[in-house]
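Visitor: Structure incoming, see below.
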Amino acid sequence: FAKLKSTMRHFQGEHHLHNFAPTARLCSHDAAAKQFIYRFRAGPEISPTKARQGGSDPSRASFRAVTLAVDALLPGQFESMLGLAIAVTRGKLQDNWLDRAFDCKELLTLPSFPPG
């Protein structure tokens with residue numbers, strides 16, 4: 001959980017979010033690409049079984065609530081931000097992908113968290 005929190009904090013501040021808008025086809029210098037992220041946080045782990053019955057069932061997936069405070073987002077940007085944070089936290093991508101995703105000179109295809 002500490003790695004996830006640290007990864008999500010990396011998103012805070014003013015960044016170019018062109019790589020996080022897969023459907024918008026933004027250029028890194030478009031005004032819509034530059035946004036300020038005030039807060040990106042994950043809450044404590046919640047197990048549906050423990051919450052309802054006081055027990056634990058390993059077949060039931062646990063989850064975390066995620067909060068985001070930002071000026072504005074385009075469709076798909078939240079899912080891409082969360083997908084990258086999870087991929088880095090789980091070690092699927094190296095930490096340097098966080099810096100690369102905000103870099104104006106790179107155009108990357110980022111993992112996306114499924115909507116819904």
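Visitor: From the gyration tensor of the Cα coordinates in the chain, what semi-axes in whole Å does the equivalent ellipsoid have, largest first, with each one equal to sqrt(5λ)? Show your work: numbers first, answer last.
Guide: Working: eigenvalues 170, 39, 33 Å².
In descending order the semi-axes read 29, 14, 13 Å.
Visitor: Ignoring everything except DSSP H segments at least 4 long, calculate the 222 nm mean residue ellipticity for the chain; use -39,500 (n - 2.57) per segment, divide by total residues, nearest 500.
Guide: Numbers: 4 runs with 34 residues, N = 116.
It comes out at -8000 deg cm²/dmol, rounded to the nearest 500.
Visitor: How big is the dipole moment of the chain about its Cα centre under a simple scheme where the beta carbon of each Lys and Arg is +1, that of each Asp and Glu is -1, and everything else is neutral? Debye, nearest 20, please. Write down the numbers at each step before the final one.
Guide: On the way: 15 positive and 10 negative charges, 93 e Å.
Taking the Cα centre of the chain as origin, the dipole is about 440 debye.
Visitor: How would Leu107, Leu74 line up by accessible area, probe 1.4 Å, largest first?
Guide: Details: Leu107 140, Leu74 55 Å².
Result of the area sort, largest leading: Leu107, Leu74.
Visitor: Angle, helix 77-89 long axis vs. longest principal axis of the chain, Cα atoms, 0 to 90°, nearest 10?
Guide: Taking Cα atoms only, the helix is inclined about 60 degrees.
Visitor: Okay, next question. For the chain, what is the percent of antiparallel DSSP beta bridges, rounded to the nearest 5? Mind showing how you got there, number by number?
Guide: Working: 10 of 10 bridges.
Percent antiparallel among DSSP bridges in the chain is about 100.
Visitor: Please compute the modelled spin-label separation between Leu68 and Ala2, points set 7 Å along Cα→Cβ, answer in nm with one decimal.
Guide: Label-label distance for Ala2 and Leu68, simple model: 2.7 nm.
The values are calculated or read from the model by the stated rules, or taken from the named source; none is laboratory data. What you see is a predicted model, and the numbers here were worked out from it, not measured in a lab. So basically every Cβ, Gly included, is an ideal-geometry build from the backbone, and we count neighbours across all protein chains shown. Heavy atoms of the whole protein, side chains included, go into the accessibility calculation; ligands, DNA and RNA do not. Shrake-Rupley method; radii C 1.70, N 1.55, O 1.52, S 1.80 Å.
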